[in-house]
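What follows is a short report on a single structure.
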Amino acid sequence: MPLIRPDLDTLPAYVPGRAIPGAIKLASNEVPLPPSPRVLAAIAEAATAGNRYPDLGVTSLTARLAETLKVTPERIAVGCGSVSLCQQLVQITCLRPADEVVFAWRSFEAYPIVTQIGGAVIRSVPLDADFRHDLDTMAAAVGPDTRLVFVCSPNNPTGTAVTRTELERLLAGVGPDVLVALDEAYHEYVTDPDVVDGMDLVDAHPNLVVLRTFSKAYRLAGLRVGYAIGSAETAEALRKVCSPFSVNHVAQAAAIAALDDAEGLLADCRIAITERVRVRDALLAAGYTVPPTQSNFVWLALGARTTAFAAHCLEHKVVVRPFAPDGVRVTVSTPEENDAFLTAARTFVL
Ligand SMILES: *Cc1c(COP(=O)(O)O)cnc(C)c1O
């Protein structure tokens, strides 16, 4: 028998949202609409060059992102989804067994997985009573062995967001040699003006790196493109550890077309932004505990009732995402799909 790392036996598996034929899928925070016609045309065109290797340096997409974000291309690293960039962040910061990664919990389920794969130590800091990041406690948890801090805003799965003041205080507290990764996968859904926009801080803080993705508002979850913006040194290191050719040709073309179509795609996000208020209000009226959300999902703090609630929704042909024993995350979708979910929620005995 080959000697495989025994610690992998304890690795928590990434749990994808369940796909059940005929059921409404509210488990993975995707947009329910397909890619726009313009993006589909770019995908079809790019597929004709499927026999060729993709552009290793992701040059066109990087240039396009640099122009859009008003940074130099050297400061951008594109990855096979931002999940891959999370793993690369651990790879570029952690080498010694004592190296630590700090993140809030509960937060994005990829953080503990990529930390453990990277052989680093997990330092998780509980969310506060309002299901928000407790950034002061996180800053206090940063010690001499801490190399990386993940901050998820809006936070998956609770939907709460970090303010600019809070993030600035964290950055002031951790010291310049600790890399802070601000994961803004749901940035396009933020409407609260107090919520941090990483791009406003990334120039002044070389130890800040911002993660964004084409998987959510840009409707390309199946094609796997995410990107990081930071210092030129951080971006270069991320590119060094990137698995070669992992951002494929069709994905690169689709992402450029999605940027061309940004106006329409972002306008479509307004549906979820309106609906999230209606869905939350209905849930509050039904007696659920639901924090305000800045994303395209809501969090139901169901505690011990989490698994029972998910099973009840499944009986109503609605797939939600349980995180036992804390709560359930539900994607905000079209009014019709949200109504189907609310019908299920109203008939559950709390
Ligand atoms: C969905 C999500 C991502 C995006 O992951 P991709 O790999 O780009 O699809 C990243 N971070 C968080 C917190 C997410 O919820």
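A few notes on this one:
- Top-ranked residue in the stretch 75-91 [being more than 16 Å from TYR218 (Cβ to Cβ) and touching a Cys at 6+ places or on another chain (Cβ under 9 Å); ranked as nearest to the ligand (Cβ to nearest atom)]: SER84
- Residue list for the stretch 168-209, filter: without any contact (Cβ under 8 Å) to a residue 24 or more places away in the chain and aliphatic (A, V, I, L, M): ALA172, ALA204
- Taking the stretch 10-25 as the range and being of a type outside the set (Gly, Ala, Ser) and either in the same structural domain as PRO157 (by TED's automatic domain parsing) or in contact (Cβ under 8 Å) with a residue 24 or more places away in the chain (or both) as the test, the residues that pass are THR10, LEU11, PRO12, TYR14, VAL15, ARG18, ILE20, ILE24, LYS25.
- Of the residues ALA77, ALA104, the single one that is under 17 Å from the mean Cα position of the chain (by Cα), farther than 30 Å from ASP128 by Cβ and surrounded by 15 or more Cβ atoms within 10 Å (Cβ to Cβ) is ALA77.
- From THR158, THR234, THR165, residue being more than 16 Å from the ligand (Cβ to nearest atom) and touching a residue at least 40 places away in the same chain (Cβ under 8 Å): THR234
- Meets criteria (outside any helix (DSSP H, G or I), more than 30 Å from ASN51 (Cα to Cα), out of contact with any strand residue (DSSP E or B) (no Cβ under 8 Å at 6 or more places or on another chain) and touching a residue at least 60 places away in the same chain (Cβ under 8 Å)) for PRO292: yes
- Residue list for the stretch 1-29, restricted to those being among the aliphatic types (A, V, I, L, M) and exposed (fewer than 14 other Cβ atoms within 10 Å of the Cβ): MET1, LEU3, ILE4, LEU8, LEU11, ALA13, VAL15, ALA19, ILE20
- Qualifying positions in the stretch 30-56 - assigned to a loop (DSSP other than H, G, I, E, B) and either surrounded by 12 or more Cβ atoms within 10 Å (Cβ to Cβ) or of a type in the set (A, V, I, L, M, F, W, C) (or both): GLU30, VAL31, PRO32, LEU33, PRO35, SER36, ALA49, PRO54, ASP55, LEU56
The values are calculated or read from the model by the stated rules, or taken from the named source; none is laboratory data. Bear in mind that the values here come from a model prediction, so they are computed numbers and not experimental data. Using ideal geometry, Cβ is built from the backbone for each residue, glycine included, and neighbour counts are taken over all protein chains shown.
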